[in-house]
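I have placed the structure first, in the form of C-alpha cells, so that the comments after it can refer back to it.
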Amino acid sequence: QVQLVVSGGCLVQPGGSLKLSCLASGPTFSLYNMGWYRQAPGKQRLLVASMYTGGNPNYDDSVKGRFTISRENAKNTVYLRMNSLKPEDTAVYYCNKVPPHPSYWGQGTQVTVSS
C-alpha cells in the first residue's frame with residue numbers, strides 16, 4: 001500500500017512562490033509516473049504537472065512557465081515549485097500517480113493566493 005504525504009501549502013501573496021513536497025512510501029516509487037493535481041472550490045480536480053523518472057515534464061496550460069515539477073527518487077519525493085502565483089492558483093493540491101490511484105489521494109495541502 002502506497003501512502004503519499006504532501007506538505008508546503010500556505011497563504012501567499014500574488015506573485016509569490018511556494019514549493020510543495022510529496023513523500024511517498026513504497027519501494028517502487030521510481031517506476032511511477034507521478035503528478036500534482038489541484039482542486040479549487042466548486043471545480044473538478046485537475047492534473048497540473050506530471051513527470052516520469054528521467055522523462056520530460058508535462059504541464060497544464062494554466063501553469064506552464066510558472067510551475068516546475070521535479071523528483072528525487074532516492075528520497076521517494078516529488079516536488080512542485082510554484083512561481084508567480086495567482087489568485088486562481090488557490091486550491092487544495094494533491095499528488096498521486098498518473099493516472100491516479102483512488103486509494104492514494106491523501107489529505108492534500110491548501111494553497112491560498114491572496115493579498
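The values are calculated or read from the model by the stated rules, or taken from the named source; none is laboratory data. Computed from a predicted structure; not experimentally measured. So basically every Cβ, Gly included, is an ideal-geometry build from the backbone, and we count neighbours across all protein chains shown. In case anyone asks, the SASA skips ligands and DNA or RNA and just uses the protein heavy atoms, side chains included. Shrake-Rupley method; radii C 1.70, N 1.55, O 1.52, S 1.80 Å.
Evaluated against (1) open to solvent by 40 Å² or more (accessible area, probe 1.4 Å); (2) modelled with pLDDT of 95 or more; (3) over 12 Å from the mean Cα position of the chain (by Cα), Gln107 falls short on exactly one condition, (2). Within segment 5-14, can one find any residue that is of a type outside the set (S, T, N, Q) and at pLDDT below 95? Looking through segment 5-14, at least one residue is of a type outside the set (S, T, N, Q) and at pLDDT below 95. Pairs linking a residue in segment 102-114 that is outside any loop (DSSP other than H, G, I, E, B) to a residue that is of a type in the set (A, V, I, L, M) and open to solvent by less than 70 Å² (accessible area, probe 1.4 Å), with Cβ atoms under 6 Å and 6 or more positions apart or on different chains, are Tyr104/Val2; Tyr104/Leu4; Thr109/Val6; Gln110/Val92; Val113/Val12; Val113/Leu85. Consider segment 93-104 and keep the residues that are in contact with a strand residue (DSSP E or B) (Cβ under 8 Å, 6 or more places away or on another chain) and of a type outside the set (A, V, I, L, M). The one that is surrounded by the most Cβ atoms within 10 Å (Cβ to Cβ) is Cys95. Might you check whether a residue that is open to solvent by 50 Å² or more (accessible area, probe 1.4 Å), part of a strand (DSSP E or B) and modelled with pLDDT under 95 occurs anywhere in segment 28-49? No; the residues of segment 28-49 include none that is open to solvent by 50 Å² or more (accessible area, probe 1.4 Å), part of a strand (DSSP E or B) and modelled with pLDDT under 95. Each residue in segment 73-101 was checked for being within 14 Å of the chain's Cα centre (by Cα), of a type in the set (D, E, K, R) and either modelled with pLDDT under 95 or not in a strand (DSSP E or B) (or both), and 2 of them qualify. Scanning segment 52-92 for residues that are among the charged types (D, E, K, R), under 22 Å from Leu11 (Cβ atoms) and open to solvent by 60 Å² or more (accessible area, probe 1.4 Å) yields Arg81, Lys86, Glu88.
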